[in-house]
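Shown next, in structure tokens, is the structure this report addresses.
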Amino acid sequence: MLKKALDYLIAFYEVFMFDYASVLMFSYSILVVLSLFEIRKYLKRKSYINLRSILTSPHAPGITVIAPAYNEGLTIINNVHSLLSLNYPKFEVVIINDGSTDHTLQKLIENFNLVAIDYAYNEQIITQPVRQIYRSGNPAFFNLLVVDKVNGKSKADASNAGINISSYPYFLCTDVDCIIHKDTLLKLIKPFIEESTKVIATGAAIRISNSCEIQNGFMVKVKVPDKFLPLFQELEYIRAFLLGRMAWSKLNALMLVSGGLGLFDKEVAISAGGYDHKSFGEDMELITRMRIYMHDIKEKYLVKYIPESLCWTEVPATLKVFGNQRTRWSRGLAQNLWLHKKIIFNPKYGIFGMLSFPYWLFFEWLAPIIEATGIIYYIYVIVTGQINWEYAVILLVYVYSFSVMITIFAVLWDEITYKQYGSKAEVFKLCLAALVEPIFYHPLVVIFAIKGYLYSLTGKTLVWGNMQRSGFEKKLSKKLQQFKSNDSIKNEK
Amino acid sequence: MNKQNYSSVKSFYEWFNQYPLFIEIAIVIILLSVVLFIIGNVSLLFKRIFDAYHDVRIKKAKELVTAELTADLMMDDSLTDHDFDKYAIRIRELMLKNRLFKQVLIDQVIFYHRNFTDSTSRILQKLFNQLNLADSALKKLKRGAWELRAKGLKEIQEMMTGESNYVQLLNPLLNDKNNDLRIEAQAAYIRLHKENPFKFLAHTTEELLEWHQILLCEIITNTPNLEVPEFRIYLRSKNESVCSFCIKLIEYYQQLDAIPDLINLLDHPSQKIRAAAVSLLGKLDAEQAERLMIAKFPMEDLKIQLKILESVGEIGSGENLTFLQTQFLESEEFTLVKTAGCALVNYPFFDKEELIQEVNQLDDSPLARETILNHCTNVLIRN
């Protein structure tokens, strides 16, 4: 009797696994097609529209660029210069020194001739206390504002301080160490001013800067990462940004605008409560709350994505830091889904509640668990000698071939939108990486996702690894490198 | 199909049929994925090769066209009719090479026309007509793809400025559902219509989006000798976006005659229009609007209240110091206090010290009004 029940259970599990994988693949295929339509539409319009009109217009809406900085003393000056040189007629740069323990603030004060001012700070979103606010005495940096605050142990807290102090109706949230394309503001503001429906947030593709040539905070040459982990992450980013997010953008069901680069409607962001500093995935959580807010006030809205690479960031190159990052992300996802569980299949939230949120639950959150059980089941049938090797191999090839094919199409879409890489060899390298990614990289993602879920359940705290900015380091002079090593010794002490 | 092929297909079918359905599905997906994988890779390769070839062709065409245009036409102001005809013939030969050359030529002529004035611009326009490039642009208007029609409109508006006989072609496109096509038609209308370039505003039913307004403002302010009407006549438009657009143009052209009509807009049902009207009344120093704005202040929402405070400060008549001080001292809304403070800073008869004394006499207010006042008076702070 028990054996019979077990056999039924196994049969059910096998059918479920196959059906789950097939539905997942089908949904990916739909996303590929939708993203192609959206990208084509974008490129058609881009081919003849001149964004320079915004540059000379007195009617361009103002934008505040918010960049939190924590112990960024080595690169802060170049990065701030890079932000200040963005092409846009009306913007300010707000740097939040989030209680840095290095010389970040001192360097800012010295290099930009900062003066402490008596600023009327309006704390619309509660944050850790602001210690001092600085403006530059040099008219060349009239649009720079530096906020020195007590460390809030999260980027969310620092970003909220930036939102509080921002003077313009839109704010761009980024990381101070990100390399941003000079036309980012022009491109990201466009959806806000060209749609008849209110746009509450826009995002763009983020790429990996690990092997890129960067000089004084400016991108000189884009290159495919040399190391394995960043290389696989590059593929993952291309897939996520060009396939996933473009498709969701077409459906107006986008749930995530990355913390690395996103332009937001300030009024809506504040009304929604700003970033949640307790969240492990504050960027996704903010978009979720902004969407909920818009549904609650019954106002139509859009969250848009553009298929251009406008931001380059350095990603973890070591397993430890990578693991911590992914564990945190998966924990953030689990936290967000749990926190906003009322949305799932709630028709009040439209396509967001009926499609997007359930998709994230069943195919983003659940997938690593299903995969992990699948692997365990494979081991079980091998050990017990129940495996049908022919079927097992066919099923593995089934999943593998599909996943490689999808990645190749993501690389192709990337080539269609904007040829990032100068040589064919670099694209070839990406294609080769796509062949081995499901074997070497994907299992790591699954492991760290499961770890994140376990941490969610147990409430275990996460410790960030020290992410060495190797990509930027290479570009620094020997003198600076020497300075850094001295500095890290001091910090250790 | 020969026997051997038939038997191999048959044996594949038999092999395939031996499996259960889920394995059959998996095999089909594997085959499909492999085929798509190959197609994807081949497309990547061909795209690179094609793009490189296309870039070389464009570069070559551009070099040839630019050499002809710059050396023979633009460098020579004293071009005789005979010389011009010779050059036109040579350029026509270039144009007839292929479609790519023709489009590069059109783009280059437009580019130089936009960037040069006087004789060079006239010669380029003459060349455009002589080569019948206007016909080519008009043909584009009849094409199905919106982007080609928009391109045709761009060419017409750039090269046929003031040619009113083309205007009727634009009428059907002025209210097109496609935003980008519509804006190009409106831009072309402004540049081609000699007598009344803004007539279309009276019949515009579609929304003039913010982006369109920016583009149209740029075209309007960069088109020489444009007949500018009194934009106040459009302030009563039922199309809110037209009203909003005209408010911007009234500001640009400083049309003070529009003040009474702007005052009427203070009762407009749209909050956005009311806010824009209040703001512009401030910028136009409309003292006659002050009393009405202040009367409406208590009934308005926060956004308009802030605009009223800004405008009263900007007008600076000196008659409403008490109103601003009252808002500064009594309001419990941070943004209102700050805006009132900033409005007070340059207001006639304003005494900062006296106000600080009054602030100090206030009971425990959660708002740091003195800091707000210091904020407003600090020259390093602009907002």
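Enumerate the whole-percent occupancy of each 10 Å bin, from 0 to the last occupied one, for all C-alpha pair distances of the range A:199-308.
Per 10 Å bin, starting at zero, the Cα-Cα P(r) for the range A:199-308 comes out as 14, 38, 30, 15, 3 percent.
At a 10 Å Cβ-Cβ cut-off, how would you order B:His82, B:His54, B:His113, fewest neighbours first?
So the residues, fewest neighbours to most, are B:His82, B:His54, B:His113.
In the range A:378-458, what trypsin sites (Lys or Arg not before Pro) fall in a loop by DSSP, with at most 16 other Cβ atoms inside 10 Å? Don't jump to the answer; show the numbers that get you there.
Working: sites: A:Lys419, A:Lys424, A:Lys429, A:Lys451; in loops: A:Lys419.
Here the trypsin sites (Lys or Arg not before Pro) that fit, given the DSSP loop and packing criteria, are A:Lys419.
Quote the relative contact order of chain B in percent (integer), defining contacts as alpha-carbon pairs under 8 Å separated by 6+ residues. Before the final figure, lay out the partial values.
Working: 358 pairs, mean separation 24.8, N = 383.
RCO, chain B: 6 percent.
Between the range B:197-239 and the range B:313-383, how many Å separate their Cα centres?
If you average the Cα positions of each part, the centres end up 38 Å apart.
Tell me, in nm to one decimal, what length is gained between B:Phe111 and B:Gln130 on full extension, where the rule is 0.36 nm per residue of separation less the Cα-Cα distance? Each step should come with its number before you reach the end.
Details: separation 19, 0.36 × 19 = 6.84 nm, distance 1.77 nm.
Fully extending the segment from B:Phe111 to B:Gln130 adds 5.1 nm.
Please compute the modelled spin-label separation between A:Gln132 and B:Ala52, points set 7 Å along Cα→Cβ, answer in nm with one decimal.
With each label point 7 Å from Cα toward Cβ, the separation is 5.7 nm.
Could you state the per residue volume, in Å³, of the convex hull enclosing the Cα atoms of the range B:321-383? Please report the intermediate quantities before stating the final value.
On the way: hull volume 4.8 nm³, N = 63.
Roughly 76 Å³ of hull volume per residue.
Using only Cα atoms, locate the centre of the range B:78-108 and the centre of the range A:226-243, then give the distance between them in Å, rounded to an integer.
48
Looking at chain B as a GNM with Cα springs under 10 Å, which of B:Lys151, B:Lys60, B:Lys307 has the largest mean-square fluctuation?
Of B:Lys151, B:Lys60, B:Lys307, the Gaussian network model singles out B:Lys60 as fluctuating most.
As a footprinting exposure proxy, order A:Thr327, A:Thr458 by other Cβ within 10 Å, with the fewest listed first. Walk me through the intermediate numbers first.
Numbers: A:Thr327 23, A:Thr458 8.
Exposure proxy ranking, most exposed first: A:Thr458, A:Thr327.
Read phi for every residue in the range A:55-64 and hand back ³J(HN,Hα) as whole Hz from Karplus 6.51 cos²θ - 1.76 cosθ + 1.60, θ = phi - 60°, with x for Gly and Pro.
4, 9, 8, x, 9, 5, x, x, 10, 9
For the protein assembly as shown, evaluate the Debye formula with one uniform point scatterer on each Cα (no solvent term) and list log10 I(q)/I(0) at q = 0.04, 0.06, 0.07 Å⁻¹, rounded to two decimals.
-0.23, -0.52, -0.70
Considering the options A:Phe322, A:Leu412, A:Leu84, tell which one lies farthest towards the positive end of the dipole of chain A, charges being +1 on Lys and Arg and -1 on Asp and Glu at the Cβ, about the Cα centre.
It is A:Leu84, whose Cα lies furthest towards the positive end.
For the protein assembly as shown, give the share of DSSP beta bridges that are antiparallel, in percent and rounded to the nearest 5; count only bridges with both residues there. Walk me through the numbers on the way to the answer.
Working: 22 of 49 bridges.
Here the share of antiparallel DSSP bridges comes out near 45 percent.
log₁₀ I(q)/I(0) of chain A at q = 0.06, 0.11, 0.12, 0.13 Å⁻¹, via Debye over equal Cα point scatterers, no solvent, to two decimals?
-0.29, -0.97, -1.15, -1.36
Specify the angular offset, from 0 to 90 degrees and rounded to the nearest 10, of the alpha carbon long axis of helix B:146-159 from the longest principal axis of the alpha carbons in chain B.
The angle comes out near 70 degrees.
With a length cut of 30 Å (Cα positions projected on each helix's long axis) and a Kyte-Doolittle mean of at least 1.6, go through chain A and give me the DSSP H helices that pass. Walk me through the numbers before you get to the answer.
Details: long enough: A:2-46 (64 Å, 0.70); A:389-417 (42 Å, 1.46).
In chain A, no H run is both long and hydrophobic enough.
Would you work out the relative contact order for the range B:19-131, in percent, from Cα pairs under 8 angstrom that are 6 or more residues apart? Mind showing how you got there, number by number?
Numbers: 47 pairs, mean separation 28.3, N = 113.
So the answer I get is 25 percent.
Along the charge dipole of the protein assembly as shown, pointing to its positive end and built from +1/-1 on Cβ of Lys, Arg, Asp and Glu, which listed residue (A:Tyr359, A:Ile165, A:Val399) has its Cα farthest out?
Positive-end residue among those listed: A:Val399.
If I take R0 = 56 Å and measure r between the Cβ atoms of B:Asn165 and B:Ile39 in this structure, what FRET efficiency does the formula 1/(1 + (r/R0)^6) give, to the nearest 0.05?
Working: r = 50 Å, r/R0 = 0.90.
E(calc), rounded to 0.05, equals 0.65.
In whole Hz, with x marking every Gly and Pro, tabulate ³J(HN,Hα) for the range A:305-310 from phi via Karplus 6.51 cos²θ - 1.76 cosθ + 1.60, θ = phi - 60°.
Once θ is set to phi - 60°, the couplings for the range A:305-310 become 10, 10, x, 9, 7, 10 Hz.
If you fit an axis through the alpha-carbon atoms of helix B:81-97 and take the longest principal axis of the Cα set of chain B, what angle between them do you get, 0 to 90°, nearest 10?
Taking Cα atoms only, the helix is inclined about 60 degrees.
Please enumerate, by chain and number, the aspartates and glutamates with C-alpha under 12 Å from the C-alpha of A:Lys44, excluding those fewer than 8 residues away in the same chain.
Filter leaves B:Glu147, B:Asp180.
Using R₀ = 45 Å, calculate the FRET efficiency as 1/(1 + (r/R₀)^6) where r is the Cβ-Cβ separation of B:Thr221 and B:Ala368; round to 0.05. Don't skip to the answer; put the middle values down first.
Values: r = 43 Å, r/R0 = 0.95.
My answer for the efficiency is 0.60.
For the protein assembly as shown, what is the charge dipole size about the Cα centre, in debye to the nearest 20, if Lys and Arg each add +1 at the Cβ and Asp and Glu each add -1 at the Cβ?
In total the dipole reaches around 3160 debye.
How far, in nm, would the chain grow between A:Tyr168 and A:Phe228 when pulled straight, counting 0.36 nm per residue and subtracting the alpha carbon separation?
Values: separation 60, 0.36 × 60 = 21.60 nm, distance 4.14 nm.
Length difference between fully extended and current span is 17.5 nm.
Which longest uninterrupted range of chain A lacks any GluC sites (Glu not before Pro) assigned by DSSP to a loop state (not H, G, I, E or B) and surrounded by at most 14 other Cβ atoms within 10 Å? Spell out each step's value before the answer.
Values: sites that count: A:Glu123, A:Glu299.
Here the longest run is A:300-493.
Need one number: nm distance between label points at A:Leu251 and B:Ser270, each 7 Å from Cα along Cα→Cβ, rounded to one decimal.
According to this spin-label approximation, the distance is 3.4 nm.
Place a +1 charge on the Cβ of each Lys and Arg in the range B:230-315 and a -1 charge on the Cβ of each Asp and Glu, then give the dipole magnitude about the Cα centre in debye, rounded to the nearest 20.
Numbers: 11 positive and 13 negative charges, 63 e Å.
I would put it at about 300 debye.
How high is the FRET efficiency from A:Ala5 to A:Asn346, r the C-beta distance, R0 60 Å, rounded to 0.05?
On the way: r = 36 Å, r/R0 = 0.60.
Working from the Cβ atoms, E equals 0.95.
May I ask for the angle, rounded to the nearest 10°, between helix B:352-361 and the longest principal axis of chain B, with both axes built from Cα atoms and the value confined to 0 to 90°?
80
If a/c stays under 1.5 just call it rounded; otherwise compare a/b with b/c (prolate if a/b is bigger, oblate if not). Do that for chain B, with a ≥ b ≥ c from the square roots of the Cα gyration tensor eigenvalues. Intermediate results must be reported in sequence, preceding the final value.
Details: a/c = 2.74, a/b = 1.51, b/c = 1.81.
It comes out oblate by the Cα gyration axes.
Would you mind classifying the range B:230-315 by shape? Square roots of the alpha carbon gyration tensor eigenvalues, ordered a ≥ b ≥ c; an a/c under 1.5 is rounded, otherwise it is prolate if a/b is larger than b/c and oblate if not.
Working: a/c = 1.87, a/b = 1.28, b/c = 1.46.
It comes out oblate by the Cα gyration axes.
By its C-alpha gyration tensor, with a ≥ b ≥ c as the square roots of the eigenvalues, how is the range A:331-371 shaped: rounded for a/c under 1.5, else prolate for a/b larger than b/c, else oblate?
Oblate, because a/c is 1.5 or more while a/b does not exceed b/c.
Lysine pairs, Cα distance under 16 Å, 8 or more residues apart or cross-chain: how many in the range B:19-131?
On the way: B:Lys59/B:Lys97; B:Lys59/B:Lys102; B:Lys60/B:Lys97; B:Lys60/B:Lys102; B:Lys62/B:Lys97; B:Lys62/B:Lys102; B:Lys86/B:Lys126.
Step by step, the pairs that qualify in the range B:19-131 add up to 7.
No lab work stands behind these numbers, since they all come straight from the coordinates. Everything numeric in this text was worked out from a predicted model, so none of it was measured. Neighbour counts are summed over all protein chains in view; Cβ atoms, including those assigned to glycine, are modelled from backbone coordinates with ideal geometry.
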